[in-house]
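Take a look at the structure below.
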Amino acid sequence: MRTRGEFWRKGASNTNYNIWLRPTAQPCTIGFDMTWFKRENSDYSASGTVPVAGNGAGAKNVRTEGLWVKCLGCRQPLYKADLEANLMVCPKCQHHFKLGSRARIDLLLEPGYELVDRGLRSTDPLNFVDVKPYKQRLLKAQEQTGLDDAILNALGRMGPHEVVLSVMEYGFIGGSMGAVVGETIARAVDRARLTRKPLIVVAASGGARMMEGVVSLMQMAKISTALAQLDDARVPYISVLTDPTTGGVTASFAMLGDLNIAEPGALIGFAGPRVIEQTIRQKLPEGFQRSEFLLEKGFLDAVVPRAQMKPYLIRALEFLKAPETK
Ligand SMILES: [Zn+2]
């Protein structure tokens, strides 16, 4: 009895091999009709319809467009107006939905803040094309979010403190970090150093932007260098990690704060849990790479619910800005 492998090696000259092929001799297609493969929890789709609030277009959800949203935490239907009034946090289970960059700035800064460092747009240095050209993706994301890229810098007051705030936008190509995101954050860091105002960066990112290849990886070094200068100048930097903060963003500025604080339940890591699980072929512990787990392991300084984030940051800045005692 021959094994299947032998038939394959023998090739077409073997008369018995047909029993292994389909009668129509059509190639098996993989990847185009994968109806069996549906992500249960997918809250980021390629079309960009993410449940994100506060970007002009308002909150969106793939499955329940309208007045009701299904909670990704407890799976209960939520009245969208209630959810928005509760800062996009589920009133039933405290699941923190993603928050758009403008809504985040409105939440953290006093009214009258100023948006700065705008007008930078990616030049698509690699002329990158995957299933569609990167240029098209950029245009679509710009249209949907009203932003130039996945980042907004703002100058304003947080309580009594003048701060430089930089907020990432997950709704823009998964908050990925290309040259524009890198440059905009680096400018925020430089601005904080030159004006001696504390810097706060709110991260929400899938990591480096693959469409810009090595150019996006270089941003890690660029921002980290600027942060080292900020540290030398003894200007405080607080990193706020939100769901998700992964890849090159975690591997650079998101973990370099004088304080690294996260929202509850945020996915924070370098590679995602699925990739790690498939690589080491082991089941990961419950809550792996979530904020609370990382706090317990000493990677974070605090986990702070969204509603308490601003008072927490104000208190932290009072502490960090206190005059040195000798
Ligand atoms: Zn819930």
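Tabulated data for the structure shown
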{"item": "Qualifying position, being in contact with a strand residue (DSSP E or B) (Cβ under 8 Å, 6 or more places away or on another chain) and farther than 15 Å from Asp258 by Cα, among Ala302, Ala316, Ala307", "result": "Ala307"}
{"item": "Considering residues of region 100-117 that are without any contact (Cβ under 8 Å) to a residue 60 or more places away in the chain, in a loop (DSSP other than H, G, I, E, B) and buried (at least 17 other Cβ atoms within 10 Å of the Cβ) only, the residue farthest from the ligand (Cβ to nearest atom)", "result": "Tyr113"}
{"item": "Number of the exception - Phe97 against (1) of a type outside the set (Gly, Ala, Ser); (2) within 16 Å of the ligand (Cβ to nearest atom); (3) within 22 Å of Leu217 (Cα to Cα)", "result": "(3)"}
{"item": "When residues of region 279-326 are limited to those that are surrounded by fewer than 11 Cβ atoms within 10 Å (Cβ to Cβ) and of a type in the set (A, V, I, L, M), the one farthest from Met255 (Cα to Cα)", "result": "Ile280"}
{"item": "Checking Leu120 against (1) assigned to a loop (DSSP other than H, G, I, E, B); (2) within 16 Å of the ligand (Cβ to nearest atom); (3) within 22 Å of the chain's Cα centre (by Cα), the condition it does not meet", "result": "(2)"}
{"item": "Answer residue from region 72-93, given it is in a loop (DSSP other than H, G, I, E, B) and either among the charged types (D, E, K, R) or in the same structural domain as Val167 (by TED's automatic domain parsing) (or both) and is farthest from the ligand (Cβ to nearest atom) among those", "result": "Arg75"}
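The values are calculated or read from the model by the stated rules, or taken from the named source; none is laboratory data. Since we're looking at a predicted model, the values are computed, not measured. Glycine gets a Cβ as well: all are built from the backbone with ideal geometry, and neighbour counts include every protein chain shown.
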